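Data first, discussion second: the structure below is written as structure tokens.
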Amino acid sequence: MKKMAYLLCLPVLLMGCQTTPMNPKQPIQGIDLQQPEAHTLCDQYICANSAGISKELTQKYLGQDQANKVFSQGQFNHTQFTFANGIFCDTQAQKCYVDRYFNGNGQRSAVAENYTQALFGQ
């Protein structure tokens, strides 16, 4: 009976926790990327340059422990990545986008010009 009452109250509790919807055209507020050197961007988890996610740069700017965490999780594509603020970068296209999603027409989201410039110099 307690379980049933809890399940009935759950939707009400969740509605009370609702937050303001995120604008998909803007990076998540409060999560800024750092540019510690030219053509390098870092969030709190990874550092990347125009070649992709870099173990050396992650170690240099975020520490050995963080580099170990990222690079001990098996093989992954270092050339396409999403930063913690939602910005998606593709080193093959040499562009960063406002997010990693495609629209209904199969087109990528808008180019994030400032991040593309910061990472690729374009």
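The values are calculated or read from the model by the stated rules, or taken from the named source; none is laboratory data. Note that the coordinates shown come from a computational prediction; the quantities given were computed from them, not determined experimentally. Don't worry about glycine lacking a Cβ; one is built from the backbone with ideal geometry, like all the others, and counts go over all protein chains shown.
Only a single criterion out of (1) closer than 19 Å to Ala38 by Cβ; (2) touching a strand residue (DSSP E or B) at 6+ places or on another chain (Cβ under 8 Å) is not satisfied by Asp90, namely (1). Filtered by the rule that a residue be crowded, with 18+ Cβ neighbours inside 10 Å, out of contact with any strand residue (DSSP E or B) (no Cβ under 6 Å at 6 or more places or on another chain) and not aliphatic (A, V, I, L, M), segment 63-84 gives a lone residue, Phe83.
Cβ-Cβ distance below 8 Å, separation of 6 or more or different chains: which pairs start in segment 101-122 with a residue that is assigned to a loop (DSSP other than H, G, I, E, B) and end on one that is of a type in the set (D, E, K, R) and surrounded by fewer than 16 Cβ atoms within 10 Å (Cβ to Cβ)? Within 8 Å, the pairs are Ser109/Lys25; Ser109/Arg100; Ala110/Lys25. Within segment 48-77, residues that are outside any strand (DSSP E or B) reach partners that are small (Gly, Ala, Ser) and modelled with pLDDT under 95 with beta carbons closer than 9 Å, at six or more positions or on different chains, in the pairs Ser50/Gly121.
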